[in-house]
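A short reminder: the numbers here are calculations on the coordinates, not readings from a lab. These numbers come from a predicted model, not from an experiment. Cβ atoms come from the backbone with ideal geometry, glycine included; neighbour counts cover every protein chain shown.
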Amino acid sequence: MKKILLLAIFATLMACSGTKKPSFSVQDVELKEQKTIAEIPNDMIKNRRYVLFSSQDPQYIFDNVDDMVIKGENIYILYRKNRHFKLLKFDMNGRGVYCLDRQGEGPDEYNQISAFDVDENGDMHIVDGRQDELFVYDKDGALKKRVNLPYEVGVVHCLKNGDYLFGLSSWNTGEAKGARLVLSGSDLTVKKRVLEYDGFNDDRAIIGDDFFTVYGNVVAFNTVISNTQYILDIDGYLTSELIYDFGAGNIPDEDKKEVEDRIWKNDEYRCPIMHTIASEDYIFGNVWRSKGMYSYLIDKKNGVIYSGESGESSVMSCIANGAENGEIVSVLSPQMYEKLKDGTLPDDVAEHLSDDNFAVCLTILK
């Protein structure tokens, strides 16, 4: 059996199996065929639906998506324009439901939104990185809690039991100094240091941001430059790992310390970027290559690799925080219209993009 080199055009990307929970281990795959991502066959798609955002109300109009969470029957979009931050809540028909626009200096106002998540009750948990505070607003925008964070947080995920997973900043000097990922109680007390920083990181690295991805009952913590995705259960405990090996394209440890400069100067460097979804049957995600982002889908059962420049298909990038029902969440921007107007999209979706509107594609693979 030929161990998988995920995409030949990416150099080597080998999926190594985790060791703790076989059901989420990534097995070696025999590569038989390579196709473009636009050639993903319809019979691989179990269900696909689109959400079209449009509003005449100025408070719900946005021209970029900084982050997105789908919870229940609502879509939450973090919209940042210059130094203004607000959280937009839409239903699954793209209609505005609520706009949390509470930036200021008052007792119930945040200064910025560095990260956010939504819990089982629809409460919005906002990390204000400028003030190192956690704000919790209910589904109608009323402030429920405002507390100081004992550590500096980069990303947050709300667990179903009320606990938190916090991805900490590498420059954190508060509690849990040196930890990359911690499991915290609702009172912000650290229950477990899940992952540690290894010293090979660049505090400036925008390309190296960590991400949470939700997929069914799985929470994945994506560490970009270290080429590893950590799989956690619904209680926040580590179960397995997905490790990428790009061979000669791997970024050397010493270069990781200045990766924000080095990665732009070396066309050979490779790393997974943004979110990755891995199941027993396929792996879907994005790879940084030659100063650009490329999408891929590995059909593990049939040994087929689909790859191409992001934007070539409506399954283009999983930039959102994921969906608990297992949908791959792809954000379609008006700028993608030229690449997607050739019949890839339904006519109404293509027309929607051409009118400078955004849409979301939600795909479930068989």
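Cut-off is 10 Å between beta-carbons; in what order do Tyr76, Tyr110, Tyr337 appear when sorted fewest neighbours first?
Tyr337, Tyr76, Tyr110
Would you mind checking which residues have amide H under 5 Å from Ala115's amide H? H placed 1.01 Å from N; only 5 or more apart, or other chain.
Result for Ala115 returns Val127, Gly129.
Work out the P(r) tail for region 79-169: percent of alpha carbon pairs separated by more than 15 Å, whole number.
58
Using Cβ counts within 10 Å as a stand-in for footprinting exposure, how do Arg270, Arg102 rank, fewest first?
On the way: Arg270 28, Arg102 18.
Ordered by Cβ neighbours within 10 Å, fewest first: Arg102, Arg270.
Test of understanding: ordering Asp138, Asp119 by Cβ neighbours within 10 Å, fewest first, what list do you get?
Listed from fewest to most nearby Cβ atoms, that is Asp138, Asp119.
For the chain, what's the relative contact order in percent, using C-alpha pairs closer than 8 Å and at least 6 residues apart? List each step's numbers first, then the result.
Details: 892 pairs, mean separation 65.9, N = 366.
Relative contact order of the chain: 18 percent.
The chain: D in µm²/s via Stokes-Einstein (Kirkwood Rh, Cα pairs, 4 °C, 1.567 mPa s)?
61
Using the Cα atoms of region 186-242, I'd like the radius of gyration and the largest Cα-Cα distance, Dmax, both in angstrom.
Cα only, region 186-242: 12.4, 32 Å (Rg, Dmax).
If you average the sequence gap of Cα pairs under 8 Å that are 6 or more apart and divide by the length of region 217-298, what percent do you get for the contact order?
On the way: 138 pairs, mean separation 17.1, N = 82.
After rounding, I find 21 percent.
Cα atoms only, region 236-314: Rg and Dmax in Å?
That works out to 14.1, 39 Å for Rg and Dmax.
Taking θ as phi - 60°, what are the ³J(HN,Hα) couplings along region 225-239 by the Karplus curve (6.51, -1.76, 1.60), each to the nearest whole Hz, with x for Gly and Pro?
Karplus values, whole Hz, x for Gly and Pro: 5, 7, 6, 9, 10, 9, 9, 10, 7, 5, 9, x, 9, 5, 10.
Over 20 Å between Cα atoms: which of Lys35/Lys265; Lys32/Lys291; Lys86/Lys144; Lys46/Lys300 fall into that group?
Values: Lys35/Lys265 29 Å; Lys32/Lys291 28 Å; Lys86/Lys144 18 Å; Lys46/Lys300 16 Å.
Pairs exceeding the cut-off: Lys35/Lys265; Lys32/Lys291.
Taking only C-alpha pairs under 8 Å that are 6+ residues apart, what is the relative contact order of region 32-170 in percent? Provide the component values of the computation, followed by the final result.
Numbers: 246 pairs, mean separation 17.7, N = 139.
Reported as a whole number, the value is 13 percent.
Hey, could you pull the Cα Rg and Dmax for region 158-292, both in Å?
So, for region 158-292, Rg and Dmax equal 15.3, 45 Å respectively.
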